[in-house]
Amino acid sequence: MDSLLSVFFICLALGAFVGFMAGLLGIGGGLIVVPALLYILPSVGITSAQLPHIAIATSLAAIILTSISSMRAHHKRGNVPWGLFRTMFPGIVLGALMSGFIAEQIPAATLKQGFAAFVILMAIQMAYPLKTESNRELPSSIILFVVAVIVAVIAGLMGIGGGVLLVPFLTFFGLQMRYAVGFSAATGLLISLSGSFGYIIAGLNAPELPYGTLGFIFLPALFGLVITSVLMAPVGVKAASTWPTSVLKKIFALLLLCVGLKLILI
């Protein structure tokens, strides 16, 4: 019980940092939460065979509340293209649900290495973002469905909301940035909800899960993350108006690069 409480309090601090950085830099919390949980969770007896799955599932579940807040804010500003959302909705749900069952079939070491490679790619993208806005038209509904499935599967496997994948794709095909970000916020909620449900079902009969798990989701860590991240996100948004976010983004990208390399090497 003492170790569960210590994880809860550590995740309170982690959640405060994640929420602040999400508000300050507009980044998804999964890129911070998953590596942190990979180091924290062994203290409560989580074995290496289940560690990446639990870290990713818990990160995905923690995104739900922050996604609700973000989606509501964008909806009020008219930034969510609901017509496009309805087109991609089935693919997002299908892909996110699949992610938990796919993750269960992937060896822990492979999943961890895949996440590390993804973190490195996102660090490069953060430091040198692609300028993708154009006048191209969006592809057909069939292609959008396929893309939605692929993005949702990757997001679910990596424990993120999917915005880092969807925003470049949508702006490449001519969607204005504010609509792409608003769409990303709405689909982030969908991915986190559907993906979390998939990880719960996939983990119900998984062996060697510790006390306090719901499927693959580790509840003490989840509660700690959610409580403070929701409180600190508005503080980060306020700081973004005065802090040098472009410089901080490059520093944070360097930190992510180091984290990704260390995950690959250990």
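The values are calculated or read from the model by the stated rules, or taken from the named source; none is laboratory data. This one's a predicted model, so the numbers in the text were calculated from it and none came from an experiment. All Cβ positions, glycine included, derive from the backbone under ideal geometry; neighbour counts span all protein chains shown. Note: areas computed on protein heavy atoms with side chains; ligands, DNA, RNA excluded. Shrake-Rupley method; radii C 1.70, N 1.55, O 1.52, S 1.80 Å.
Within the set PHE89, PHE20, the sole residue that is open to solvent by 20 Å² or more (accessible area, probe 1.4 Å), among the aromatic types (Phe, Trp, Tyr) and either touching a Lys or Arg at 6+ places or on another chain (Cβ under 8 Å) or modelled with pLDDT of 90 or more (or both) turns out to be PHE89. In this structure, is VAL80 in contact with a helix residue (DSSP H, G or I) (Cβ under 7 Å, 6 or more places away or on another chain) and closer than 24 Å to ILE10 by Cα? The answer is no for VAL80.
Residue count for region 223-266 under the criterion of being open to solvent by 90 Å² or more (accessible area, probe 1.4 Å) and of a type in the set (Phe, Trp, Tyr): the result is 2.
Of the residues making up region 241-256, just one is free of Cβ contacts under 8 Å to residues at least 40 places away in the same chain, of a type in the set (S, T, N, Q) and in a helix (DSSP H, G or I), namely SER246.
Within region 68-97, the set of residues being of a type outside the set (A, V, I, L, M) and within 11 Å of ALA185 (Cβ to Cβ) comprises SER69, SER70, ARG72, HIS74, HIS75, ARG77, ASN79, PHE85. Just one of the numbered conditions (1) within 30 Å of ILE143 (Cα to Cα); (2) at pLDDT 80 or above is not true of ALA73: (2).
Being crowded, with 20+ Cβ neighbours inside 10 Å, of a type outside the set (Gly, Ala, Ser) and under 21 Å from ILE56 (Cβ atoms), is that true of even one residue in region 195-208?
yes
Within region 64-81, the set of residues being over 14 Å from the mean Cα position of the chain (by Cα), surrounded by fewer than 21 Cβ atoms within 10 Å (Cβ to Cβ) and in a helix (DSSP H, G or I) comprises SER69, ARG72, ALA73, HIS74, HIS75, LYS76.
Would you call VAL93 touching a residue at least 12 places away in the same chain (Cβ under 8 Å) and more than 30 Å from LEU4 (Cα to Cα)?
Values: touching a residue at least 12 places away in the same chain (Cβ under 8 Å): yes; more than 30 Å from LEU4 (Cα to Cα): yes.
Yes: the conditions hold for VAL93.
Scanning region 43-57 for residues being open to solvent by 10 Å² or more (accessible area, probe 1.4 Å) and at pLDDT 90 or above gives a total of 1. When the test is whether a residue is within 25 Å of LEU257 (Cα to Cα), part of a loop (DSSP other than H, G, I, E, B), of a type in the set (A, V, I, L, M, F, W, C) and out of contact with any Lys or Arg (no Cβ under 9 Å at 6 or more places or on another chain), ALA61 does not pass it. Across region 136-165, the qualifying residues are those that are touching a Phe, Trp or Tyr at 6+ places or on another chain (Cβ under 7 Å) and of a type outside the set (Lys, Arg), and the one among them that is surrounded by the most Cβ atoms within 10 Å (Cβ to Cβ) is MET158.
Residue pairs whose Cβ atoms lie under 8 Å apart, sitting 6 or more positions apart in sequence or on different chains, and linking a residue in region 182-210 that is under 19 Å from LEU97 (Cβ atoms) to a partner that is open to solvent by 20 Å² or more (accessible area, probe 1.4 Å) and of a type in the set (D, E, K, R), are ALA202/GLU104; GLY203/GLU104; ALA206/GLU104.
Could you please let me know if GLY163 is at pLDDT below 85 and either of a type in the set (Gly, Ala, Ser) or on the phi > 0 side of the Ramachandran plot (or both)? Yes, satisfied. Residues in region 110-124 include at least one that is of a type in the set (Val, Ile, Thr), touching a helix residue (DSSP H, G or I) at 6+ places or on another chain (Cβ under 9 Å), surrounded by fewer than 16 Cβ atoms within 10 Å (Cβ to Cβ) and under 30 Å from VAL247 (Cβ atoms).
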